[in-house]
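Below is one structure, written out as structure tokens, with a few remarks after it.
The values are calculated or read from the model by the stated rules, or taken from the named source; none is laboratory data. Computed from a predicted structure; not experimentally measured. Quick reminder, even Gly has a Cβ in these numbers, built from the backbone with ideal geometry, and neighbours come from all protein chains shown.
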Amino acid sequence: MKPVIVITTVGADFDPRPLARELVDARLAACVNIIPGVESIYRWEGTIAEEGEKLLLIKTTDERVDELQKQLLARHPYDVPEFVVITPDEVRGAWREWLIASVS
């Protein structure tokens, strides 16, 4: 099992805590960091939009990514949710063992 980080964003008015709890409870994520106050500027439907968002950093393993994606996208408030998987070069020590145990 290899630790990975999944990134997604939700609207500033969306409460991601119930979703984060569900992902952790289902052992699809060991931890979900919710970072408020993100400002995003992006192209959407032919215009440039600017919105406040919350960034979610989801810590899991490569073996759980497909099921995590399925569950996250089923509950995500966006029509086109961001789902970016980052594979760190190295994750060591007790934290790595905790992460793997948390999603097993």
Notebook entry, point to check: Considering L19, L73, L28, which residue is within 11 Å of the chain's Cα centre (by Cα) and loosely packed, with under 15 Cβ neighbours inside 10 Å?
Noted result: L73
Next item on the list: Give me a count of the residues in region 4-30 that are touching a Phe, Trp or Tyr at 6+ places or on another chain (Cβ under 9 Å) and closer than 19 Å to R96 by Cα.
Entry: 3
Note to self: Given the criterion more than 24 Å from R92 (Cα to Cα) and surrounded by 18 or more Cβ atoms within 10 Å (Cβ to Cβ), identify the matching residue among K54, K59.
What the structure shows: K54
Checklist line | In region 38-51, the residues that are among the hydrophobic types (A, V, I, L, M, F, W, C) and exposed (fewer than 12 other Cβ atoms within 10 Å of the Cβ) | finding: I41, W44, I48, A49
Next item on the list: Tally the residues that are modelled with pLDDT of 95 or more and either among the charged types (D, E, K, R) or closer than 17 Å to A20 by Cβ (or both), restricting the search to region 86-95.
Entry: 0
